[in-house]
1. Out of region 119-143, which residues are on the phi > 0 side of the Ramachandran plot and surrounded by 10 or more Cβ atoms within 10 Å (Cβ to Cβ)?
2. If you go through region 144-161, how many residues are closer than 15 Å to Gly126 by Cα and either assigned by TED's automatic domain parsing to the domain that holds Glu123 or surrounded by 11 or more Cβ atoms within 10 Å (Cβ to Cβ) (or both)?
3. Go through region 42-70 and count every residue that is modelled with pLDDT under 90 and touching a helix residue (DSSP H, G or I) at 6+ places or on another chain (Cβ under 6 Å).
4. I'd like the full set of residues that are touching a residue at least 40 places away in the same chain (Cβ under 8 Å), assigned to a loop (DSSP other than H, G, I, E, B) and either in contact with a Leu (Cβ under 6 Å, 6 or more places away or on another chain) or among the hydrophobic types (A, V, I, L, M, F, W, C) (or both), limited to region 129-143.
5. Based on this model, can you work out whether Phe104 counts as in contact (Cβ under 8 Å) with a residue 12 or more places away in the chain and not assigned by TED's automatic domain parsing to the domain that holds Ile45?
6. Does region 140-157 include one or more residues that are over 25 Å from the mean Cα position of the chain (by Cα), modelled with pLDDT under 85 and of a type in the set (Ser, Thr, Tyr)?
7. Do you know which residues across region 160-183 are in a strand (DSSP E or B), modelled with pLDDT of 75 or more and of a type in the set (Gly, Ala, Ser)?
8. Residue under question is Ala39, and the condition is that it be in the same structural domain as Thr107 (by TED's automatic domain parsing), under 23 Å from Leu106 (Cβ atoms) and modelled with pLDDT of 75 or more; does it hold?
Amino acid sequence: MNIAFPAVFLFLLVAPGFLFRQFSQRSEVRTFDHTPFSAVVLQAILAAAVFNLVIALGARWCGGYEIEVGDVVRLLVGGASATSDLSNRFNWLNSHPLAAVGYFVLTNLLALGAAFGLRGVVESYGLDRRGHRAASWVRGPAPWYYLFAGLDHPTGVDGAVVAAIVEFKEGPICIQVCSSITR
């Protein structure tokens, strides 16, 4: 077994956590995200562990599939000695190739469904509004969205105006953008 397989396998195990983190909160496109990398990875790994656990338990209870954690560790460690006693399991996997593919597809679909479901609940109940108790947990890093949508203003807004001065070779030019919000 080469060194690429454990890396790809680990990526497939952790990918649902990154998908959930990406789509669960509103965020703005920025050139640089100032969130510490360790915090991002920890959030993604914890979310991926939850999604993998849910799908593994569902596969066991609904489909009758057994997921052997020891075999997973052997696949991650790699090497011929680690995988030599797994030949009967590899034969089962050869006869059921869609089982592994289906597992990873289901974990990613569950992550996306949970992310969009969480975002829908947050937006429909206003849990991300300034002053709400849950805002610190569910509010995404999107201050411009909340400002221009009028969601943080207590009485609501009719519109927003943005003015910017852009420097050109001929001289500065003022650009104004008006946005109306219909309620």
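1. Hit for region 119-143 is Gly126, nothing else.
2. First pass over region 144-161, keeping only residues closer than 15 Å to Gly126 by Cα: 145-147, 149-156.
Subsequent filtering for residues that are either assigned by TED's automatic domain parsing to the domain that holds Glu123 or surrounded by 11 or more Cβ atoms within 10 Å (Cβ to Cβ) (or both) retains 145-147, 149-153.
Residues meeting the conditions: 8.
3. 2
4. Ala142
5. It is false that Phe104 is in contact (Cβ under 8 Å) with a residue 12 or more places away in the chain and not assigned by TED's automatic domain parsing to the domain that holds Ile45.
6. So far as region 140-157 goes, yes, one or more of its residues are over 25 Å from the mean Cα position of the chain (by Cα), modelled with pLDDT under 85 and of a type in the set (Ser, Thr, Tyr).
7. Listed by number, the residues that qualify are Ala163, Ala164.
8. Judged against the criteria, Ala39 is not a match.
The values are calculated or read from the model by the stated rules, or taken from the named source; none is laboratory data. Everything numeric here is computed off the predicted structure, so don't read it as measured data. In this analysis, Cβ positions are derived from the backbone assuming ideal geometry, glycine residues included, and neighbour counts consider all displayed protein chains.
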